[in-house]
Amino acid sequence: MSKREVFSVCGMCTVRCPIRVEVENGQIAFIQGNPHVPAMKGSICPRGAAGKALIYDNERPQTPMIRAGERGEGRWRKVSWDEALDFVADHLKKIKAEHGARAISLSDRGGPFRDLRRAFLRGLGTPNYNNHDSSCARNVQHAALSLTNMGRKAVAYDLKNAKHVVLQFRNIFESVNVQEVHNLTDAMENGCKLTVIDIRANVSALKANNFLQIKPGTDYAFNLAVIHEIIAKKSYDKRFVNWYMDGFKALERFVDPYTPEWAEVETGIPAFRLRGFVEELAAAAPAVIWHPGWMAARYKDSFYICRSIYMINALLGAYGAKGGLPFVSAPGDVGAEGLNQFMSLYPKPEEKRADGVGWKYKHFQEGPGLAHLLYEAIETESPYPVKAYIAYRHDPLMGYPEPERLKKKWANLDLLVSVTFSWSDTAWCSDVVLPLSPYLERENLIATKKELIPYFFVRRRAVEPRYDTRADWEIISGLAKRMDLPDLVFEKIEDIWNFQLQGTGFGIADFDAKGVIYLASRPRYLDFEDYPFKTESGKIEIISKKLEENNIPSLKPYESPQSAAKQGQFRLTFGRCALHTQGHTVNNVMLHERMPENTLWINTQEAEKLGIADGEVVKVSQNGYSELIKANVTDMIHPEAVFVCHGFGHRLKIESRAYGKGLADNRFMSGGLDIWDQAGGAIAYQEHFVTVSKQ
Ligand SMILES: Nc1nc2c(c(=O)[nH]1)N[C@H]1C(S)=C(S)[C@@H](COP(=O)(O)OP(=O)(O)OC[C@H]3O[C@@H](n4cnc5c(=O)[nH]c(N)nc54)[C@H](O)[C@@H]3O)O[C@H]1N2
Ligand SMILES: Nc1nc2c(c(=O)[nH]1)N[C@H]1C(S)=C(S)[C@@H](COP(=O)(O)OP(=O)(O)OC[C@H]3O[C@@H](n4cnc5c(=O)[nH]c(N)nc54)[C@H](O)[C@@H]3O)O[C@H]1N2
Ligand code: SF4
Ligand SMILES: [Mo]
């Protein structure tokens, strides 16, 4: 019997936890958190444990496929890798010759392993790289940039050392990042307080010291009143404000009308509770983390909510502080050399982006752009035609609103390719499916984690592919070879790793012992005087020149949210659950067994008015479209909202377990592709109402 251990990286969600895998006789025997990464404590979440079931799933794409019927019809021709890659490359060449390289676009799931494919796009000469972030954290990113000219990941959440953590539309104990869960739990054992501001009592709320149930759509009102109270009681960190806040006076004037009593009427949270909460925060400052949010693509004012959170963190002196939001270090900050980048082999394309980011919308960061605006460009051919789209580990038909409308926009494409390890609506609708090996069956590039202690990490192959699938680097290499980009063609992964590590002083064998290479021996906290805000003034700028120049207010007055028009109508809200990841695990045997469908959370009193009993199958409808779902009648949700876990409602027969189970929230967002936050860039997914009725 042969037995070995492989250090790798989980791929069941985009948190990408470091893992240790035991392999016996070429089979996965055991998966655990990498014990050499202290905050993992050797553990993984339930989805991480279900990685094995992904490998044995025979309902995933097993060979390359080219469509034989119409798009979405589901008639496929199984082909060899050579034929599939030739097909894609021939189309890309033809499109490039006819419309220029800019007519080629790709979107992905973001993350640390994308250097090679971004280099591929640069090599082709197209600026049209996007990721999923306009459906996720773009508002948080743009809020951070608008105040500090640094992205949201420039600071860490130092949960372990925090004294008070605030979660507002952030459900840390279900929307899991394993290290964050352990760090917060440790802190709470040492007396750290937890406040949860949510529209429903989620698992995090059940563990919290304070749970503030808020009326949906009114978070901005609450936060403005918090700022008002902090300033009125002079509870802010004077040294921080003097050194590092530009525009404090403007902020003070702006929040003047937003008293706790005013906010009580809007939010339903009593003024005395807000006051007590602010007192507790001030007592714990600066070791406070008010989490700025992750899935913050919810409302038309979500960007301003995120901005207000960063401002509160600043007023409390939490920015930069131990136990707050200290700045992360890059390799260079701790005297180490960073990895070599494939992207730097090619110049940045000069062409303007199809999604308008950087020229039409100058206040947005280019990077991953805004994918929903790419889709608009595909439809309108403005500013120019985009004819090829590669959905690379991305399922926009599940992740964006209005899938049927999105498909019509894509009708303009000459080539639609999906690179994926699972079936998805997008893959089903593609011209070509290039099946990716699941994470346990493939390697990835080496990646850098900027942290208090920065480190390099690498995903290694634990077992050989069961089916005719390939790793990312093999797919990109195959395409690069056909598109005459010899610098991106590799026969073996070691050549890629060697290129990346050249000049760092490390070799791939240095990952053998622990799976990661730490670049410093202890956490690096900057001295107060050295905070590296990247604005012109070197301070947090409350009034953002970039926003104002683009006619977007830095301080936006609060507007009350729309309410339901009649009884039986509710705002549709959503989130994640601990047992599934987005739309791509609902067909996983192990996870499906534990949670086969989502349910509709509905407030007890509202359900009674409609005569709906707990567990009853009810009808949810909007504009003539309806689906059925089981009601979860509960006191734990605000009466104006209904809630579902996202990712269910699959309609592909090939996914026999998930087929027809649960409700797909994105199908109840009529007009939703056009409802987005003009200041923050993200889709406003929760600006929709549904009618709930007995069947
Ligand atoms: N209505 C509604 N829409 C939403 C949301 C919601 O709650 N409600 N949530 C939003 C959020 S937060 C996000 S992030 C997006 C997600 O949207 P997507 O990024 O499209 O969703 P996923 O299902 O994570 O991934 C899509 C495909 O990529 C592959 N994949 C996913 N993760 C990985 C990975 O780690 N490695 C590899 N190799 N492949 C992977 C799978 O094959 C999967 O089919 O959707 C957003 N859209
Ligand atoms: N288990 C699991 N973990 C995951 C993922 C997964 O799919 N499954 N996906 C990962 C990804 S891509 C992301 S983006 C993160 C997302 O992680 P989070 O940002 O924490 O997102 P959600 O779980 O969507 O929602 C958090 C909470 O927001 C609440 N909420 C909804 N509307 C409102 C409102 O108007 N006001 C307030 N205050 N609260 C509201 C919901 O009830 C929910 O409890 O999770 C990551 N981790
Ligand atoms: S949070 Fe869970 S699913 Fe996500 S990477 Fe970590 S162990 Fe895997
Ligand atoms: Mo996300």
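The values are calculated or read from the model by the stated rules, or taken from the named source; none is laboratory data. All values reported here derive from a predicted model rather than from experimental measurement. All Cβ positions, even for glycine, are placed from backbone atoms using ideal geometry, and neighbour counts span all protein chains on display. What goes into the accessible areas is simple: the full protein's heavy atoms, side chains included, and nothing from ligands, DNA or RNA. Shrake-Rupley method; radii C 1.70, N 1.55, O 1.52, S 1.80 Å.
Observations, loosely collected:
So that you can scan it fast, the table gives a plain yes or no per residue for (1) at positive phi; (2) more than 16 Å from ligand 2 (Cβ to nearest atom); (3) open to solvent by less than 30 Å² (accessible area, probe 1.4 Å):
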position	(1), (2), (3)
Met12	no, no, yes
Val15	no, no, no
Val23	no, yes, yes
Ala29	no, yes, no
His36	no, yes, no
Met40	no, no, yes
Gly51	no, no, yes
Tyr56	no, yes, no
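- Close pairs (7 angstrom Cβ cut-off, 6 or more residues apart or separate chains): part of a strand (DSSP E or B) in the stretch 564-588, open to solvent by less than 10 Å² (accessible area, probe 1.4 Å) and among the acidic types (Asp, Glu) anywhere: Leu572/Asp665; Phe574/Asp665
- Under the condition of being part of a loop (DSSP other than H, G, I, E, B) and either farther than 30 Å from Gly575 by Cβ or within 16 Å of ligand 3 (Cβ to nearest atom) (or both), the residues counted in the stretch 111-153 number 10.
- Filter result for Gly293 (assigned to a helix (DSSP H, G or I) and either closer than 15 Å to Gly151 by Cα or open to solvent by 10 Å² or more (accessible area, probe 1.4 Å) (or both)): no
- The residues on offer are Leu184, Leu212, and the sole one that is away from ligand 4 (no atom under 16 Å from the Cβ) and farther than 19 Å from Cys45 by Cβ is Leu212.
- Of everything listed in (1) farther than 25 Å from Arg522 by Cα; (2) open to solvent by 30 Å² or more (accessible area, probe 1.4 Å), the single unmet condition for Asp333 is (1).
- Screening Arg47 against (1) more than 16 Å from ligand 4 (Cβ to nearest atom); (2) buried (at least 19 other Cβ atoms within 10 Å of the Cβ); (3) part of a helix (DSSP H, G or I) leaves a single unmet condition, (1).
- Look at the stretch 1-29: where a residue is outside any loop (DSSP other than H, G, I, E, B) and a partner is within 16 Å of ligand 4 (Cβ to nearest atom) and open to solvent by 20 Å² or more (accessible area, probe 1.4 Å), sitting 6+ places away or on another chain with Cβ atoms under 8 Å, you get Val9/Arg16.
- Qualifying residue in the stretch 205-215 (condition: modelled with pLDDT of 95 or more, under 27 Å from the mean Cα position of the chain (by Cα), farther than 26 Å from Gly317 by Cβ and aromatic (Phe, Trp, Tyr)): no
- Test result for Leu547, open to solvent by less than 40 Å² (accessible area, probe 1.4 Å) and over 27 Å from Ala314 (Cβ atoms): no
- Test: residue in the stretch 171-191 that is within 21 Å of Pro260 (Cβ to Cβ) and open to solvent by 10 Å² or more (accessible area, probe 1.4 Å): no
- Out of Leu673, Leu663, one residue alone is modelled with pLDDT of 95 or more, buried (at least 18 other Cβ atoms within 10 Å of the Cβ) and touching a Gly at 6+ places or on another chain (Cβ under 6 Å). It is Leu663.
- Among the conditions (1) open to solvent by 30 Å² or more (accessible area, probe 1.4 Å); (2) within 26 Å of the chain's Cα centre (by Cα), Ile517 misses just one, which is (1).
- Matching residues in the stretch 605-656 - criterion: being aliphatic (A, V, I, L, M) and part of a loop (DSSP other than H, G, I, E, B): Ile612, Ala613, Met636, Leu652, Ile654
- Selection from the stretch 58-81 of residues that are in a loop (DSSP other than H, G, I, E, B) and either of a type in the set (Lys, Arg) or open to solvent by 70 Å² or more (accessible area, probe 1.4 Å) (or both): Asn58, Arg60, Glu70, Arg71, Glu73, Arg75
- Lys300 fulfils the conditions (1) more than 18 Å from Leu194 (Cβ to Cβ); (2) open to solvent by less than 10 Å² (accessible area, probe 1.4 Å) except for a single criterion, (2).
- Criterion violated by Trp294 - all others in (1) more than 16 Å from ligand 3 (Cβ to nearest atom); (2) among the aromatic types (Phe, Trp, Tyr); (3) within 22 Å of the chain's Cα centre (by Cα) satisfied: (1)
- Identity of the residue in the stretch 154-170, open to solvent by less than 40 Å² (accessible area, probe 1.4 Å) and not in a loop (DSSP other than H, G, I, E, B), that ends up farthest from ligand 1 (Cβ to nearest atom): His164
- Close Cβ contacts (under 9 Å, 6 or more residues apart or on different chains) running from residues in the stretch 49-64 that are within 21 Å of Leu479 (Cβ to Cβ) to residues that are at pLDDT 95 or above and of a type in the set (Lys, Arg) comprise Gln62/Lys78; Gln62/Arg466; Thr63/Lys78; Pro64/Lys78; Pro64/Arg470.
- Between Ala631, Ala613, the distinction of being of a type in the set (Gly, Ala, Ser) and in contact with a Leu (Cβ under 8 Å, 6 or more places away or on another chain) belongs to Ala631 only.
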